[in-house]
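Heads up: the structure comes next, in structure tokens.
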Amino acid sequence: MGETSKERSRETALQLLRFVGVGTIATAIQYGVYLLLLDFFNETIAYSIGYVVSFVCNFILTCIFTFRKKATTKRGVGFALAHLINYGLHVLLLNVFLWMGVPNKLVPIPVLCIAVPVNFLMVRYVFKRE
């Protein structure tokens, strides 16, 4: 028998909760790398390096924990494409908020508040389609 609507809703809510947990870890890694590199690189480069380090950890944890799926090439490519779009959004927002005068040590916070929900929808699509 197929899943009921209630079961699907519950599973989606649990995935979102796990996504937030994995995202918190990935975000902490990204933000930590960003702060460490700010003295050596400009904001965009420091943010980009942090994003790449975070991306690798995020993919592994997303497979194992969030969606409980095997890491496959197809999922890896879909995840990378979703994150490529997400990265563009991050860099755009980063520079918009810097332009608006948000301090460089705080600018990732509003960027992540906007980009993370968008990323969940894209990544969920990658892992839920068969």
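The values are calculated or read from the model by the stated rules, or taken from the named source; none is laboratory data. These numbers come from a predicted model, not from an experiment. Cβ atoms come from the backbone with ideal geometry, glycine included; neighbour counts cover every protein chain shown. Only protein heavy atoms, including side chains, enter the accessible area calculation; ligands, DNA and RNA are left aside. Shrake-Rupley method; radii C 1.70, N 1.55, O 1.52, S 1.80 Å.
Points to keep in mind about this one:
- Single condition Val91 does not satisfy, out of (1) modelled with pLDDT of 90 or more; (2) open to solvent by 60 Å² or more (accessible area, probe 1.4 Å); (3) of a type outside the set (D, E, K, R): (2)
- Options Ile29, Ile49; residue that is modelled with pLDDT of 85 or more, within 21 Å of Val96 (Cα to Cα) and of a type in the set (Val, Ile, Thr): Ile49
- Yes/no for Thr66 being open to solvent by less than 20 Å² (accessible area, probe 1.4 Å) and touching a residue at least 40 places away in the same chain (Cβ under 8 Å): yes
- Among the residues making up region 1-22, those that are over 13 Å from the mean Cα position of the chain (by Cα) and in a helix (DSSP H, G or I) are Ser5, Lys6, Glu7, Arg8, Ser9, Arg10, Glu11, Thr12, Ala13, Leu14, Gln15, Leu17.
- One residue stands out among those in region 99-127 that are at pLDDT 90 or above and buried (at least 16 other Cβ atoms within 10 Å of the Cβ): the one that is nearest to the chain's Cα centre (by Cα), which is Val111.
- Some residue of region 54-76 being within 17 Å of Ile114 (Cβ to Cβ) and at pLDDT 90 or above: yes
- Region 82-108, subset touching a residue at least 40 places away in the same chain (Cβ under 8 Å) and of a type in the set (A, V, I, L, M), residue farthest from Val126 (Cα to Cα): Leu98
- Test: residue in region 23-32 that is under 22 Å from Leu112 (Cβ atoms), in contact with a Pro (Cβ under 6 Å, 6 or more places away or on another chain) and either assigned to a helix (DSSP H, G or I) or acidic (Asp, Glu) (or both): yes
To keep it simple, each residue is scored yes or no on (1) under 19 Å from Leu35 (Cβ atoms); (2) not basic (Lys, Arg).
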position: Lys74; (1), (2): no, no
position: Leu89; (1), (2): no, yes
position: Asn95; (1), (2): yes, yes
position: Pro103; (1), (2): yes, yes
position: Leu106; (1), (2): yes, yes
position: Pro110; (1), (2): yes, yes
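- Qualifying residue in region 41-53 (condition: of a type outside the set (Lys, Arg), touching a Gly at 6+ places or on another chain (Cβ under 8 Å) and touching a residue at least 12 places away in the same chain (Cβ under 8 Å)): yes
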